[in-house]
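The values are calculated or read from the model by the stated rules, or taken from the named source; none is laboratory data. Note that the coordinates shown come from a computational prediction; the quantities given were computed from them, not determined experimentally. Cβ sites come from the backbone with ideal geometry, for glycine too, and all protein chains shown count toward neighbours.
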Amino acid sequence: MSFFGKNIRKIRSVKTLSQQSFAELFDLKRGTLGAYEEGRSEPKIETIIKIANYFSIPIGDLLTKDLTVNALLKFKADLTLKHENAAQQSFPNVPYIDSKNEDNYLKYNHKEAFINDMPYLQLPVNPEKEFRAFTVSNLEMSSNDKGLFPKDIVVGEIIPKSVYKKINNGHLVLAVFKDELILRRCYISGNTITLRADHKIIEDKEYPIKEIKELWRIRFVFYHRVPELRDGLEEKMAMLEAQFLKMKSEL
């Protein structure tokens, strides 16, 4: 009697792999793997060799022994940990701006050594692009109990200076100037950028585009609380307003 099916089911459990994930590792169909585990079918020798080599388990043990969980944990344990660490380290480091380092960021954001020493978040973002994380510290981007609140975290992607004037109005951005960081929606007309809060009582701020040191378009948001589901009406209104302002600027 072969213990192959029983053992690979235990391997999946130890490695927290679904049948689909395990099957894909070895170019198998999920149904085929299920048949192996249930003893309804026997694998080809090539498949046995692949699985044994992948997990560094002697073929004889895989086929003839009822392997215990403790025994399985000993096989390739160090390599498994290395693999998991490698997967974690593959996430790019996103420098993280908060109230503690905001002033220094304004002074030294142009220095690579300072950026490298900043606290960071490891996030599954495109490693070929540049990002910044920023902690929300006010209620400017909130409206009617919706939007962004203090302690929420936004993640922005750098916008090249060459495309500033091509940005669609209404995008949420983190704008970096000489003396302040501003998280608002941007509206660009000519050589001027207008930064508008979602909170209705907050006045707009206007700056010459040439004064922008960095501009980050917000791509991701991590809420400090569970946000309320929105019906989409406000987003549609903002989009219509943005299109109207763009048409107005082109006239």
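Points worth noting:
- Qualifying residue in segment 136-146 (condition: assigned to a strand (DSSP E or B), buried (at least 16 other Cβ atoms within 10 Å of the Cβ) and at pLDDT 95 or above): no
- Restricting segment 95-118 to residues that are hydrophobic (A, V, I, L, M, F, W, C) and farther than 16 Å from F131 by Cβ, the residue that is surrounded by the fewest Cβ atoms within 10 Å (Cβ to Cβ): A113
Residues checked against (1) under 20 Å from F222 (Cβ atoms); (2) assigned to a strand (DSSP E or B); (3) free of Cβ contacts under 8 Å to residues at least 60 places away in the same chain:
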| site | (1), (2), (3) |
| --- | --- |
| G156 | yes, yes, no |
| S162 | no, no, yes |
| L172 | yes, yes, yes |
| K178 | no, no, no |
| R185 | yes, yes, yes |
| I193 | no, yes, yes |
| E203 | no, no, yes |
| Y207 | no, yes, yes |
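- Annotation: of all residues in segment 54-75 being more than 36 Å from the chain's Cα centre (by Cα) and polar (S, T, N, Q), the one that is nearest to G5 (Cα to Cα) is T64.
- Applying the condition of being of a type in the set (S, T, Y) and exposed (fewer than 14 other Cβ atoms within 10 Å of the Cβ) to segment 1-31 and asking which residue is nearest to D66 (Cα to Cα) yields S13.
- Helices (runs of 4 or more DSSP H) wholly inside segment 61-109 containing at least 2 residues that are at pLDDT 85 or above and in contact with a strand residue (DSSP E or B) (Cβ under 8 Å, 6 or more places away or on another chain): 102-108
- Total residues in segment 151-182, condition among the aromatic types (F, W, Y) and at pLDDT 95 or above: 1
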